[in-house]
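The values are calculated or read from the model by the stated rules, or taken from the named source; none is laboratory data. Being a predicted model, the structure only gives us computed values, none of them experimental. Positions of Cβ are backbone-derived with ideal geometry, glycine not excepted, and every protein chain shown enters the neighbour counts. When the accessible area is computed, the model is the full protein with side chains, heavy atoms only, and any ligands, DNA or RNA have been set aside. Shrake-Rupley method; radii C 1.70, N 1.55, O 1.52, S 1.80 Å.
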Amino acid sequence: MRFKLKKNFKGFTLIEIIVVLALIAILGSITIMSDYKTNKSKNSLLVDTEAIAIEIRDMQNRTSNFLQNTMINNLGYGIFFNLNNPLKIETFFKKEGDFDISELSSMNSMKPTDDFIFNLNNSIKKICLNGCSTKELYPQGKLAIYFIKPRPYAHFSYSDDGLTYYTDLYPSYNAINHACIEVGSESITDTRRIDIYYIGQISFSFGSCEN
């Protein structure tokens with residue numbers, strides 16, 4: 001006995017194939033654009049983080065060069081972070097004595113370079129001193145990192161409220177020996193960090209200040 005199969009199956013029409021191919025092309029383009037934007041954001045974050053680290057190193061080098069040009073001690077250069085304005089980083093000439101907010105004046109003829117402005121959606125997200133579990137500055141927090149003669153070590157002056165500044169230098173008991181600056185983006189979850197140590201070491205890497 002033979003059975004006959006009914007051939008009811010119909011092939012795809014040309015229009016259906018074109019529609020499917022168009023949908024595949026659109027989804028592929030969306031994926032490519034998403035990857036492109038993500039990679040662009042990651043690259044921008046890396047470039048900004050590296051630029052800040054280089055800026056801090058430049059302040060250190062300027063202080064070292066300053067050693068050869070003058071016999072006056074306790075002078076140098078620094079960089080200022082303000083969590084209340086996380087898109088801008090200021091450079092300044094360090095006068096003799098403790099850090100003073102007036103040293104940031106744009107009218108200061110000794111100002112070393114133009115201020116740094118972040119690209120795209122990047123900004124300072126966090127500032128920790130001696131580790132985030134020890135001291136973390138919050139939205140009103142400010143931090144000045146500067147290098148002074150006769151030794152170009154890093155010194156730190158910070159403020160919790162934006163009004164009163166504390167300068168804790170070695171060899172005091174509660175001195176700051178390490179600051180971590182965390183840089184992030186509004187577009188991606190990745191973060192980068194810059195570490196500055198009292199001995200003058202400056203580095204930048206992947207990850208959060210809490211790691």
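A few points about this structure:
- Selected residue (criterion: most open to solvent (accessible area, probe 1.4 Å)) from residues of region 82-93 that are assigned to a loop (DSSP other than H, G, I, E, B) and free of Cβ contacts under 8 Å to residues at least 60 places away in the same chain: 87
- Set 63, 91: member being more than 22 Å from the chain's Cα centre (by Cα), closer than 25 Å to residue 176 by Cα and at pLDDT 85 or above: 63
- Within region 195-209, residues that are of a type in the set (Ser, Thr, Tyr) have Cβ atoms under 6 Å from residues that are part of a loop (DSSP other than H, G, I, E, B) in these pairs: 198/177, counting only partners at least 6 apart in sequence or on another chain.
- The residue of region 94-137 that is modelled with the highest pLDDT, among those that are among the hydrophobic types (A, V, I, L, M, F, W, C), in a loop (DSSP other than H, G, I, E, B) and in contact with a strand residue (DSSP E or B) (Cβ under 8 Å, 6 or more places away or on another chain), is 132.
- Scanning region 94-132 for residues that are surrounded by 18 or more Cβ atoms within 10 Å (Cβ to Cβ), touching a helix residue (DSSP H, G or I) at 6+ places or on another chain (Cβ under 8 Å) and basic (Lys, Arg) gives a single hit, 94.
- Residues that are closer than 16 Å to residue 146 by Cα and over 11 Å from the mean Cα position of the chain (by Cα), drawn from region 177-211: 177, 178, 179, 196, 197, 198, 199, 200, 201, 202, 203
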